[in-house]
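The values are calculated or read from the model by the stated rules, or taken from the named source; none is laboratory data. Keep in mind that this is a model prediction, so the values were computed, not measured. We place every Cβ from the backbone using ideal geometry, glycine too, and count neighbours over all the protein chains shown.
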Amino acid sequence: MEAKRIVSAFSTEFPEPPRLTPCDRSVDGPLLGNGDMCVAIGGGPKEQRFILCKNDLWRLEHAYGRSCPVPLGHWALLLRGCANASYRVTQDLHTATTTGVFERQGASVTMRSYVAATRNLLVVELAATGREFEARASLTVSGDRGAETETSRTGGVFWGRRAFSEGVDIPSGAAAAWAMAGGPAPRPDGSFLLAPGRPLTLVLAMDSLFKREDYLEHAIKSVSDLSDGSGLSDIRRAHEAWWADYWAKSYVSIGDPVIEKQYYLSLYGTGSCSRDPGFPPPIFGWTTTDNPLWAGDYHLNYNHQAPFYGLARANRLEQADPHDAPFLDFMERARWHCGEIYGHEGGIYPVGIGPKGIETTYGNQGYIDRGPAQAENKGLFFGQRTNGAYGLVNMSARWHCTYDPDYGRKVYPFVSLIAAFWENYLSWDERGKRFVIESDSIHEGSGPDMNSCLSLALVRLTLELALDMSRELDLDADRREKWEHILGHLSGYTFQERRGRKVFRYTEKGTDWRETNTLGIQQIYPAGQIHLDGDPELLEVSKNTIDLMGRWHDFNASNSFFPAAVRVGHDPEAILRELRKYSENARPNGFQEGNPHGIENLSTVPNTVNEMLCMGHGGVLRLFPVWPRERDAAFADIRCWGAFLVSGELKEGVVRAVSILSERGRDCTVVNPWPGERVRLTRNGGKAEILDGERVTFGTVAGEAIELAPAGDGD
C-alpha cells in the first residue's frame with residue numbers, strides 16, 4: 001500500500017500532439033507496453049496513431065545496414081469531428097493507463113488505453129459526450145525492407161501480417177488483429193459510430209513467429225474470444241495487479257517531486273519495454289520506423305548495457321534479465337571472430353549485434369577498406385576489445401545482488417569465454433613485471449591505445465567475477481591461479497595534471513583526454529573498480545576527474561557519470577542539483593529532450609538515487625552514504641551485494657530503524673549508521689543482540705529478517 005500511495009502521486013501529461021512520433025530515434029509520444037508488445041502513440045485529436053512494436057520483430061541478416069528491429073505498422077483511429085479539438089493526454093503511472101481527452105465546441109471524446117501486462121493485447125476504451133462521432137479504425141502494415149505483408153478481414157476481425165523469409169539468415173514475422181469487444185461489429189471498412197452514453201471498446205492483439213508458428217491465427221483468435229466483451233474485466237484486474245506488484249518491488253521517497261517523478265517515470269518505461277527473456281528492447285525501446293539510427297541494434301560499447309544499469313539493485317530482475325540473451329546467443333560467432341583475428345581461444349564482440357546471434361554491423365566495405373583500426377574479419381570493432389567485457393557489468397550486478405546459482409550457471413559460459421580472451425590477449429611486460437593491454441582503442445577508432453583506464457577496469461571486473469562464480473559454482477578450479485596471477489600483476493592506471501589537478505589519463509600511451517563522452521570515469525562506474533573502500537589517492541583523483549569533466553548532461557553517457565560521482569562520495573547537493581536539471585530536461589515520456597538516444601537514459605535517475613540512499617558495492621552496506629543529512633528520505637527493498645533486500649529511513653538527520661532481508665544466508669557487513677553508538681540487532685523479531693564498532697558484521701540465515709537500531713543506554 002505504501003508503494004501505491006507514493007507512485008499514485010505521479011502522472012505525466014502531454015499537453016500537445018507529439019512531433020517526433022514516429023521518428024528514427026527516441027520518440028516524444030506516450031509509451032505503452034508489457035516488455036514484449038510495445039505501442040507508441042502519435043498523431044493529434046483527429047487521428048490517433050498507435051505504432052505497433054514487438055521486441056522480437058527484426059529483419060535478421062548478418063549484414064551492415066540490412067538488419068534492424070522494425071515496427072509491424074500502425075493502427076489508426078480516425079475521429080471525424082475532432083479536427084481542431086483540444087488535446088490533453090495523461091498517463092497514470094501506477095495503473096499504466098493512458099487517457100486522452102479531445103474536446104471541441106462542447107463535445108468530446110475520451111480515449112483510455114493500455115497494453116495489458118499479462119497478455120499481448122492493446123485495449124482502447126472510447127466514450128463520447130455532447131454528440132455522436134463517426135470513427136474509423138484501420139491497420140497499416142509496412143512493406144519496406146523486402147517484407148512480405150498481407151492485410152484482410154475475417155468476419156468482424158481485421159488483421160495484418162509482416163514477415164521476412166527471403167534474403168535473411170533467420171526468418172521472422174509478426175501479426176496484429178483487432179476487433180470490437182462487447183459492441184456492434186465495425187462496418188467492412190472499419191468504421192463505426194460513437195454515441196454519448198454508449199461507450200465502445202476496441203482490442204488489438206499481437207503475436208509473432210518466435211513465439212508460435214501459427215502466430216497470425218493466434219492473434220485473430222485472441223480478439224475473437226473477446227468479441228462479447230467477457231474477460232475484459234479480468235484482463236484489466238490482472239494488468240493492474242501486475243503493475244501494483246512491479247511498483248512494490250522497491251520504492252523511494254525523497255521529498256523532491258521533480259526527481260521522484262522522473263525516478264518512477266523511468267521505471268515505468270523500463271517495465272513497459274523489457275521483459276521478454278530472449279529479446280531485450282533495442283536501442284530506442286520503441287522502434288517506430290524501418291530505418292532507425294544505428295540500425296536500432298544492440299550497440300555493445302555501452303548503449304545496450306546502459307538501460308539495465310541498476311535494475312538488479314532496483315529489484316526488477318524480470319526487467320534486468322533480458323540484457324543477457326544477445327551476448328549468450330552470439331558466443332559461437334564471438335569464438336569464430338577471435339580465432340580468425342587472433343588465433344587463440346576466447347570470444348570478441350563487434351560494436352553491433354542483434355538477437356539470435358546476428359551481427360548487424362558485419363561486412364561494410366567502407367570500414368573494411370580502412371583497415372584493422374575499424375574492421376577485422378569483416379566485423380566492425382573500431383579497434384575496441386572490451387565490448388564483451390562490457391557485457392559483464394550487468395551480469396556482475398545481477399550475480400552479486402542475488403547469488404542465484406541457476407543464474408550463475410546460465411551466464412558462466414559467457415564469463416568464462418571473456419576471461420579466456422583476456423588470458424590470451426594480455427601481453428607480459430618483462431621489464432615492468434606486469435600485464436599490459438596493447439592495441440585497444442578507448443574511443444571508437446582512437447588508434448592503438450595502450451592500457452586504457454576503462455579496459456584495465458573491465459579486465460579486473462572480468463577476472464574478479466570469474467573467480468567468485470568459479471568458487472561459488474565449483475567450476476574451473478584449475479584456472480583460478482592464473483586469474484589471481486593476472487589480477488596481482490595487471491598494470492595500474494595512468495595519471496596526468498590538468499588545470500593544476502591530478503586526474504586520470506585515458507590511456508598510458510595514446511589518447512590522453514576527450515571533451516565528449518564519459519569514458520574517463522567508467523573505471524569507477526559501471527566497471528566498479530573505484531569506490532569508498534578504495535585507495536584514498538584513487539578516490540581523490542576520481543573526484544578531481546569528475547570535477548574537471550563535469551559531464552552531467554553528456555550526449556552519450558550521463559547514465560554512468562552520475563552514479564560514478566556517487567560511488568566516490570562527490571558532494572551530494574551538487575549531484576541532486578544536476579539530477580534535478582536532468583529530470584527537468586525530460587520529455588513527458590521520460591526520454592531526454594535534445595538527445596537522440598532512447599532507453600539508455602531511463603537508468604540515470606533510478607540508479608543514481610538508489611546508490612545515494614543505499615550503497616552495497618563490494619559487500620559493504622552503507623545507509624544514506626552520499627545523501628544530505630538535512631533531507632528526509634526513505635527507501636524499501638533496494639537489493640544489495642550479498643543477496644540482501646535493504647530498507648531504511650533518514651528523518652531529521654537521524655537514520656531510523658534499518659531492515660535487511662537475507663535471501664541466501666550470507667554474512668553481512670554494515671557501516672554503522674549511528675557513529676559512536678552501539679547497534680541493536682534483532683532476528684525475526686526475537687531477542688536483541690548488541691554489536692559495536694565503526695562496521696558491524698553478522699551472520700544470517702536464508703529468509704531471515706534483520707532489524708538494526710541504535711542501542712539505548714539500557715541495552
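Worth pointing out:
- For the range 112-167, the candidate set comprises residues that are of a type in the set (Gly, Ala, Ser) and touching a helix residue (DSSP H, G or I) at 6+ places or on another chain (Cβ under 6 Å); within that set, the residue that is surrounded by the fewest Cβ atoms within 10 Å (Cβ to Cβ) is 116.
- Only listed residue being in contact (Cβ under 8 Å) with a residue 40 or more places away in the chain and β-branched (Val, Ile, Thr), chosen from 129, 110, 151: 129
- Residue identified as in contact (Cβ under 8 Å) with a residue 40 or more places away in the chain and in contact with a Ser or Thr (Cβ under 7 Å, 6 or more places away or on another chain) among 309, 298, 302: 309
- One residue from 430, 423, 464 being of a type in the set (D, E, K, R), over 16 Å from residue 507 (Cβ atoms) and without any contact (Cβ under 8 Å) to a residue 12 or more places away in the chain: 430
- A single entry from 208, 113, 142 fulfils the requirement of being of a type in the set (Ser, Thr, Tyr), closer than 30 Å to residue 65 by Cα and within 27 Å of the chain's Cα centre (by Cα): 208.
- Helices (runs of 4 or more DSSP H) completely within the range 387-489 that count 2 or more residues being in contact with a Gly (Cβ under 6 Å, 6 or more places away or on another chain): 405-425, 453-473
- Checking each residue of the range 665-682 against the condition of being at pLDDT 95 or above, surrounded by 12 or more Cβ atoms within 10 Å (Cβ to Cβ) and of a type in the set (Gly, Ala, Ser) gives at least one match.
- Residues that are within 18 Å of residue 398 (Cβ to Cβ) and of a type in the set (D, E, K, R) were ranked within the range 617-664; the one that is surrounded by the most Cβ atoms within 10 Å (Cβ to Cβ) is 639.
- Qualifying positions in the range 89-107 - in a strand (DSSP E or B), touching a residue at least 60 places away in the same chain (Cβ under 8 Å) and of a type in the set (Val, Ile, Thr): 89, 90, 98
- The condition (being touching a Lys or Arg at 6+ places or on another chain (Cβ under 8 Å) and more than 18 Å from residue 52 (Cβ to Cβ)) is satisfied by just one residue among 101, 109: 101.
- With respect to the stated conditions, residue 455 is within 20 Å of residue 345 (Cα to Cα), of a type outside the set (A, V, I, L, M, F, W, C) and surrounded by 17 or more Cβ atoms within 10 Å (Cβ to Cβ).
- Flag if residue 388 is of a type outside the set (Ser, Thr, Tyr) and modelled with pLDDT of 95 or more: yes
- Residue match in the range 325-343 (condition: closer than 29 Å to residue 90 by Cβ, under 15 Å from the mean Cα position of the chain (by Cα) and at pLDDT 95 or above): no
- Scanning the range 492-507 for residues that are surrounded by 16 or more Cβ atoms within 10 Å (Cβ to Cβ) and not in a strand (DSSP E or B) returns 493, 494, 505, 506, 507.
- For the range 595-616, taking the residues that are under 20 Å from residue 651 (Cβ atoms) and of a type in the set (A, V, I, L, M), the one that is surrounded by the most Cβ atoms within 10 Å (Cβ to Cβ) is identified as 609.
- Subset of the range 305-354 that is outside any loop (DSSP other than H, G, I, E, B) and small (Gly, Ala, Ser) - its residue that is surrounded by the fewest Cβ atoms within 10 Å (Cβ to Cβ): 339
- Hey, residue 462 crowded, with 20+ Cβ neighbours inside 10 Å, modelled with pLDDT of 95 or more and within 24 Å of the chain's Cα centre (by Cα) or not: yes
- Residue 195 vs. criteria under 23 Å from residue 231 (Cβ atoms) and in the same structural domain as residue 76 (by TED's automatic domain parsing): no
- Flag if residue 642 is at positive phi, at pLDDT 95 or above and in contact with a strand residue (DSSP E or B) (Cβ under 9 Å, 6 or more places away or on another chain): yes
- Screening 246, 302, 263, 268 for residues that are under 30 Å from residue 520 (Cα atoms), among the hydroxyl-bearing types (Ser, Thr, Tyr) and not in a loop (DSSP other than H, G, I, E, B) leaves exactly one candidate, 263.
Residues are listed down the side, and each one gets a yes or a no for (1) more than 21 Å from residue 619 (Cα to Cα); (2) at pLDDT below 95; (3) surrounded by fewer than 21 Cβ atoms within 10 Å (Cβ to Cβ):
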| position | (1), (2), (3) |
| --- | --- |
| 375 | yes, no, no |
| 398 | no, no, no |
| 409 | yes, no, yes |
| 419 | yes, no, no |
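- Residue in the range 380-402 that is under 21 Å from residue 168 (Cα atoms) and assigned by TED's automatic domain parsing to the domain that holds residue 451 present: yes
- If the condition is being exposed (fewer than 12 other Cβ atoms within 10 Å of the Cβ) and modelled with pLDDT of 95 or more, then the range 687-696 contributes 690, 692, 693, 694.
- For the range 249-257, the criterion of being in a helix (DSSP H, G or I) and in the same structural domain as residue 158 (by TED's automatic domain parsing) is satisfied by no residue at all.
- Only residues that are in contact with a Lys or Arg (Cβ under 7 Å, 6 or more places away or on another chain) and under 18 Å from residue 62 (Cβ atoms) were counted across the range 293-339, and they come to 1.
- Filtered by the rule that a residue be under 20 Å from residue 296 (Cβ atoms) and part of a strand (DSSP E or B), the range 583-607 gives a lone residue, 592.
- Among residues of the range 191-223, those that are small (Gly, Ala, Ser), crowded, with 19+ Cβ neighbours inside 10 Å and under 22 Å from residue 77 (Cβ atoms), counted: 3
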